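Okay, structure first, notes after.
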Amino acid sequence: FVITIDRAIDKLGTGRFQHRILFAAGLCFAADAMEVMLLAYLSLVLEEEWGLSGTQTATITACVFAGAMTGTLILGPLGDKVGRRPVFLLAGTIITVFGVLTSFVTNFVGMVLVRFCVGLGIGGLTVPYDILAEFLPTETRARYLL
């Protein structure tokens, strides 16, 4: 008698393990939302403190989104090759390290580079969503993913 992984997950149902993954994925989505909100405040503060132009602050914002796109293209396939958990941890580490480094940057070019790297990590936050989808039974998958 052979049972597929999907069928085994369906038989086990939703429990503590899935709720832990949901919590971790939720934290990632919250971190993503906070990073985007931070951009609005960061742009205003840097414009005032460093005397940046509107174009320069827009460049900082655009670099985060360019980093996110690049991160998704790199970290998504990497998660398929080396495993989702290591990539999930890598994305979290990238966001943490470069998020903290943001507070130490003192010039425009440095800020563009650091915020691009934060974006790389944000791009890797698609991986927890995949992990969550893979470990949910089919009957509750849609409810948890929306």
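Counting only protein heavy atoms and a 1.4 Å probe, the stretch 23-146 has 56 square angstrom of accessible area per residue. The label-point distance for ALA58 and VAL97, in a model that sets each label 7 Å from Cα toward Cβ, rounds to 3.3 nm. Sorting 121-131, 93-103 by their mean Cβ neighbour count within 10 Å, with the most densely packed peptide first, gives 121-131, 93-103.
How many percent of the accessible area of the stretch 97-146 is carbon or sulfur, using a 1.4 Å probe? Please report the intermediate quantities before stating the final value.
Details: 1760 of 2510 Å².
That fraction is 70 percent.
Projection of the Cα convex hull of the stretch 67-133, averaged over all directions and equal to a quarter of that hull's surface, yields 4.1 nm². For LEU113 and ALA142, the difference between the fully extended length at 0.36 nm per residue and the C-alpha to C-alpha distance is 6.7 nm.
With 25 Å as the cut-off, how large is the P(r) tail for the chain, expressed as percent of Cα-Cα pairs?
Numbers: 4034 of 10585 pairs.
In whole percent, the long-distance tail amounts to 38.
Counted residue by residue at 0.36 nm each, then reduced by the alpha carbon distance between them, the extension gain from GLU49 to PHE23 reaches 5.6 nm.
Summarising the label geometry, the points placed 7 Å from Cα in the beta-carbon direction at LEU73 and ALA133 lie 2.0 nm from one another. The angle between the Cα long axis of helix 54-82 and the longest principal axis of the Cα atoms of the chain comes to about 30 degrees, rounded to the nearest 10.
The values are calculated or read from the model by the stated rules, or taken from the named source; none is laboratory data. Bear in mind that the values here come from a model prediction, so they are computed numbers and not experimental data. Here the Cβ is made from the backbone with ideal geometry for all residues, glycine too, and neighbour counts use every protein chain on show. The area values use the complete protein model at the heavy-atom level, side chains included, leaving out ligands, DNA and RNA. Shrake-Rupley method; radii C 1.70, N 1.55, O 1.52, S 1.80 Å.
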